[in-house]
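*Asks:* Below you'll find the structure I mean.
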Amino acid sequence: MSLPGPPLPAAASTLLWMQRPLAYLDACAKRYGEPYAMPLIGFPKIAMFYTPAAVKEVFSDDGSTYAAGKFNKSLSALLGERSVLMLDGAEHMRHRKLLLPPFHGERMQRYGQAMLDATDACIEGWTPGKRFALQPDMQDVTLRVILQTIFGFALGPRLDEMRRRTKRILQLGAWPPLLLPFMQRDLGPWSPWAKFQAALKAGDEYLYDEIARRRRSGERSHDILSLLLDARDEDGQPMSDADLRDELTTLLVAGHETTATALTWAVRWTLATPGLLDRVRAEIHAARSKDGTPRLTAARAAELPLIDAIAREAMRLNPVIPIVGRVLERPVRLAGHDLPAGTPLACSIYLAQRRPDVYPNPSRFDPDRFLGKKPAPSEFFPFGGGVRRCIGMAFALYEMRIVLARLFERAELSLAPDAPIRVERRSITLVPSAGLLVRLERRLPDGVVAPPITEHAAGA
Ligand code: HEM
């Protein structure tokens, strides 16, 4: 493949990709156009695409030409070889079909109250006047939600222990260099990889124990583990313990930090956009008056159009994951270029969602772009696309609407004025620097609508 691209040694290109991913994507797209080839240590060069026509073609494949599992291999040490993210072809479809039913839109409604409760618990923990990082708290909310809704843990010591073990795994796994194959080596008990493996083992022990306990007791509820324990594939086969471990870890890891990061970006942009919070509060107030309740119900919170548009626009401007990748199973001609079998290629979510021909004034945060409008799946794809589109998309969007509505209903937040916000990498996700420093101005009692606070936002 002789595509243009940065003439950098793989080590220098990898460093830029780890430390300045968005600036690097922008600079390469500007200089080389589509597609360009990005060198990375330990991998063949990745062909980067970002025009709607190319993205559409990649996403319309049935999985036989563009293999995502092969591209995702660097995550297998964490998620396991049997994770749906790691598989391709018929085996991928078998796992995906087993996992999809619990994530159907209408099922989400069962989880609304857990989402509201976790947000309330988080808000109660904040001290007025004090500055704090929002991202870790959002992660606490989404982790708690996932442990309740996916694993069926009730609030209590089992949930707390699993939370502790999961946080340890993610804290150690967040270091971006661990994605590189040559860093995935045990160089003694204090090496990053060995510590990460030990944390993973502790998490696995707890997971296997929970699977065994649930199989033994026959205990079933509305949680997703219950549905997976009873799921059967087309041949009537249930999921093995090893399959369940890998899929549960995948749902846990793929499902909560991503959502927490998207929430944090959405809060950031809402607080920084003059006048927006007033519109949000008016929407919440109108919804509450309709029900005559002192607080939003989950059902009502989930159907607020402006909050939904804010969630989507935040993911357009700051996609949590900047690219989705595939490896070619056979030669193809894509966007006028012949690519041989084995070529790794990526569709850049970030570049595609910042195209000025699709999104005028693309770096401006403008939720009205999404009010009553739906961009094509090749122009807006924060959850990837085609047969690999994120299984948790409906879950994540539902949770985002509920958590955001509750936050804006109950807490008057402001951005720390002296803290510049940069984009930083945590493993494969892109987060706001310092976890987004905010301050709680005040908590609002039941039934009270906050006054306009745009004077805080304007300074941010
Ligand atoms: C805002 C939150 C989230 C974002 C931005 C996100 C993003 C993504 C992306 C970009 C992919 C890759 C798609 C592709 O290759 O085309 C993906 C796949 C996946 N996501 Fe999510 N995700 C989120 C939340 C969730 C949640 C809540 C869950 C489950 C609880 C989840 C489970 C999965 C799974 C299982 C896959 C693999 C699908 C497959 O390979 O067939 N994600 N997600």
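*Asks:* Which pairs turn up if I take residues in segment 242-265 that are in contact (Cβ under 8 Å) with a residue 24 or more places away in the chain and within 21 Å of Glu205 (Cβ to Cβ) and look for partners that are aromatic (Phe, Trp, Tyr) and more than 10 Å from the ligand (Cβ to nearest atom) with beta carbon separation below 7 Å, at least 6 apart in sequence or on another chain?
*Replies:* Between residues of segment 242-265 that are in contact (Cβ under 8 Å) with a residue 24 or more places away in the chain and within 21 Å of Glu205 (Cβ to Cβ) and residues that are aromatic (Phe, Trp, Tyr) and more than 10 Å from the ligand (Cβ to nearest atom), the close pairs are Arg245/Tyr208.
*Asks:* Residue under question is Asp235, and the condition is that it be of a type outside the set (A, V, I, L, M), part of a helix (DSSP H, G or I) and either within 16 Å of the ligand (Cβ to nearest atom) or modelled with pLDDT under 90 (or both); does it hold?
*Replies:* Answer is no for this residue.
For (1) part of a strand (DSSP E or B); (2) within 13 Å of the ligand (Cβ to nearest atom); (3) on the phi > 0 side of the Ramachandran plot, each residue gets a yes or a no:
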residue	(1), (2), (3)
Ala396	no, yes, no
Glu409	no, no, no
Leu413	yes, no, no
Pro420	no, no, no
Leu430	yes, yes, no
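*Asks:* If you scan segment 277-311, which residues turn out to be surrounded by fewer than 22 Cβ atoms within 10 Å (Cβ to Cβ) and within 14 Å of the ligand (Cβ to nearest atom)?
*Replies:* Once the filter is applied, which keeps residues that are surrounded by fewer than 22 Cβ atoms within 10 Å (Cβ to Cβ) and within 14 Å of the ligand (Cβ to nearest atom), segment 277-311 yields only Asp308.
*Asks:* Select from segment 295-353 the residues that are more than 22 Å from the chain's Cα centre (by Cα) and of a type in the set (Ser, Thr, Tyr) and list them in ascending order.
*Replies:* Once the filter is applied, which keeps residues that are more than 22 Å from the chain's Cα centre (by Cα) and of a type in the set (Ser, Thr, Tyr), segment 295-353 yields Thr297, Thr343.
*Asks:* Within segment 127-139, is even one residue closer than 21 Å to Ala254 by Cβ, in contact with an Asp or Glu (Cβ under 8 Å, 6 or more places away or on another chain) and either within 14 Å of the ligand (Cβ to nearest atom) or not small (Gly, Ala, Ser) (or both)?
*Replies:* Scanning segment 127-139 turns up at least one residue that is closer than 21 Å to Ala254 by Cβ, in contact with an Asp or Glu (Cβ under 8 Å, 6 or more places away or on another chain) and either within 14 Å of the ligand (Cβ to nearest atom) or not small (Gly, Ala, Ser) (or both).
*Asks:* Looking at segment 98-126, I want the residues that are acidic (Asp, Glu) and have a partner that is part of a helix (DSSP H, G or I) with Cβ atoms under 7 Å, at least 6 apart or on another chain. Which pairs are those?
*Replies:* So the pair list comes out as Asp120/Arg406.
*Asks:* Can I ask one more? Tell me whether segment 366-374 contains one or more residues that are surrounded by fewer than 19 Cβ atoms within 10 Å (Cβ to Cβ), more than 13 Å from the ligand (Cβ to nearest atom) and among the hydrophobic types (A, V, I, L, M, F, W, C).
*Replies:* Yes, because at least one residue in segment 366-374 is surrounded by fewer than 19 Cβ atoms within 10 Å (Cβ to Cβ), more than 13 Å from the ligand (Cβ to nearest atom) and among the hydrophobic types (A, V, I, L, M, F, W, C).
*Asks:* Tell me yes or no: at least one residue of segment 212-230 is within 16 Å of the ligand (Cβ to nearest atom), touching a helix residue (DSSP H, G or I) at 6+ places or on another chain (Cβ under 8 Å) and under 21 Å from Ile428 (Cα atoms).
*Replies:* no
The values are calculated or read from the model by the stated rules, or taken from the named source; none is laboratory data. Since this is a predicted model, take the numbers as computed values, not measurements. When we count neighbours, we look across all protein chains shown, and the Cβ atoms used for this are built from the backbone with ideal geometry, even at glycine.
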